[in-house]
Amino acid sequence: MEQKLSRLVFLLEEAASLLRSHDENHWASWIGEDLIRLKAEDYSGAAHFLKAFGGMGSINDLILSPLNGHLLTEPETAAANEKLRSLLAEARELAEQVNREANPEQNGSSEPLHP
């Protein structure tokens, strides 16, 4: 799990940096909280990160755009959003894996197959 955690931390640092560079402070702070937890080997950071993807107003709905008050030009919009989507997709996949491995009891894997 150490390699997964290390890669997840890297991806979240990249995503937070990208968000901050475009003045998207809400989601940069959210991910920053997750980074603090994960760097302390508190795997609840993975579960918290995954909560960013649920419901209306989630990180899935975020579009970096000067029309949304973000610091970038219109020609930069497509590349910035593509980079963000790529980082978030890989980070989400890893966070799901880390969360499953850190909490096997929530996945039914702690139960014996045969009573």
Normalised by the residues of the chain, what does the relative contact order come to in percent, with Cα pairs under 8 Å and at least six apart? 30
Please compute P(r) over all alpha-carbon pairs of the stretch 2-102, binned at 10 Å starting from zero, and give each bin as a whole-number percent. 16, 51, 26, 7, 0
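Readers should treat all values here as calculations from the given coordinates under stated rules, not as data from a laboratory. Every value quoted in this text rests on a predicted model; they were computed, and no experiment measured them.
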